[in-house]
Every structure is written in structure tokens, then in C-alpha cells.
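Have a look at the structure below, then the notes.
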Amino acid sequence: MRRAVCPGSFDPITNGHLDIIIRASRLFDEVVVAVLINKNKATLFTVEERMELIREALRDHPMAPTNVVVDSSHGLVVDFCRSRGIQSIVKGLRAVSDFDYELQMAQMNNSLAGVETLFMSTNPQYAFLSSSLVKEVARYGGEVSGLVPDVVLKQLRERAQN
Ligand code: PNS
């Protein structure tokens with residue numbers, strides 16, 4: 001069984017994340033989307049909300065993959081991999097600016113547990129996209145449709161009104 005994890009904060013999931021998850025699901029028998037909990041980072045959505053948004057976005061997607069599961073973890077991504085028999089981490093790379101830190105993490109994770117990291121080039125359509133920018137634009141009433149799944153769009157609009 002070839003298993004991969006797509007780890008991240010997913011606060012919230014964007015269409016860029018979704019594109020990577022769907023593409024990874026075609027390469028592996030199972031893909032686990034792991035919402036990593038960082039207690040030092042304030043988030044807009046709770047872990048449960050983030051997981052549910054990912055699940056709904058996958059359900060609504062035209063490809064609706066059946067080999068993707070959603071989970072969460074408090075600790076190191078390599079410990080999550082060990083406990084679930086996951087051999088690979090899949091990450092999207094938007095630009096060269098992502099590369100330095102991603103390479104560092106990939107090398108650390110490989111040295112800690114022999115886990116491989118595979119980088120997938122982000123769809124150019126979403127190269128400028130990040131959860132933080134989406135939240136900022138939405139907070140000030142900007143248009144983020146087409147950048148996030150519809151379920152996320154609905155939640156962002158509701159929160160912007162409150
Ligand atoms: O979506 P993000 O915030 O860019 O994702 C970063 C994330 C969660 C993938 C990264 O911070 C991570 O792997 N955190 C888990 C803790 C860990 O394993 N840290 C050591 C990485 S070498």
C-alpha cells in the first residue's frame with residue numbers, strides 16, 4: 001500500500017491545496033490530508049472546522065477521490081507518518097521562495113525518520129494563492145470566489161459579515 005500525507009495548517013483549504021491533493025490521489029493508493037495543530041499559531045477556523053471544510057471540499061469536487069482521508073495531529077509530521085505507515089510527504093511548491101524552507105523541512109524529516117518528501121509544482125492558476133492572503137482579502141470584503149472551494153467561500157463570507 002503506497003500511502004502519502006499532505007500536511008498543512010489548512011486555515012482554510014484553498015483551491016491550490018485541493019489541486020495538489022487531487023493530483024496526489026492519482027499517484028498513491030491512499031492520501032491522508034493531515035491538519036497539523038500548531039498551538040502557537042492563532043487560526044480563523046478550529047481544527048474540526050478545518051477538517052470538515054476539507055472533507056466537504058473533496059466531496060463537492062468533480063473528481064471526488066475515494067482514496068483520500070482527513071485526519072489531524074498535534075506533533076511532528078514524521079511521528080504521524082510512523083504511526084500510520086506513511087512513507088511519503090507530498091508538498092506543493094508555488095515559487096522558488098517556497099523552496100528554501102521546504103527543502104530544509106524535507107531534509108530534516110528524512111534525517112529524522114527516512115520519510116521522503118515529493119514536491120509537486122502548483123498549478124500556475126493558483127501560484128499566488130495562500131490561506132493567509134485569502135483570509136485578508138475576504139476580511140476586507142474582497143472577492144475570493146474561484147480561489148477557494150465553495151464551502152470555504154460560504155464560511156468566509158459569513159464570518160466577514162460578523
Ligand atoms: O500550511 P503550513 O502552515 O505551511 O504547513 C506547515 C506544516 C504544518 C506542514 C509544518 O509546519 C509541519 O510539518 N508541522 C508539523 C511539526 C513538524 O513536524 N515540524 C518539523 C518540520 S521539519
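The values are calculated or read from the model by the stated rules, or taken from the named source; none is laboratory data. Please read all numbers here as calculations on a predicted model, not as lab measurements. Quick reminder, even Gly has a Cβ in these numbers, built from the backbone with ideal geometry, and neighbours come from all protein chains shown.
The sole residue among 67, 110 that is more than 18 Å from residue 9 (Cβ to Cβ), touching a strand residue (DSSP E or B) at 6+ places or on another chain (Cβ under 7 Å) and near the ligand (Cβ under 10 Å from one of its atoms) is 110.
If only residues of region 125-139 that are closer than 17 Å to residue 50 by Cα and hydroxyl-bearing (Ser, Thr, Tyr) are counted, the one that is farthest from the chain's Cα centre (by Cα) is 132. Of all residues in region 96-126, exactly one satisfies the criterion of being at pLDDT below 95 and among the β-branched types (Val, Ile, Thr), namely 96. Within region 75-96, being more than 9 Å from the ligand (Cβ to nearest atom) and under 15 Å from the mean Cα position of the chain (by Cα) holds for 88, 90, 92, 93, 94. Being polar (S, T, N, Q) and under 14 Å from residue 5 (Cα atoms): is that true of residue 72 here? Here the answer is yes, as residue 72 does meet what is asked.
In region 140-162, of all residues being surrounded by 11 or more Cβ atoms within 10 Å (Cβ to Cβ), part of a helix (DSSP H, G or I) and without any contact (Cβ under 8 Å) to a residue 60 or more places away in the chain, the one that is nearest to the chain's Cα centre (by Cα) corresponds to 153. If only residues of region 16-52 that are of a type in the set (Asp, Glu) and closer than 15 Å to residue 2 by Cβ are counted, the one that is farthest from the chain's Cα centre (by Cα) is 29.
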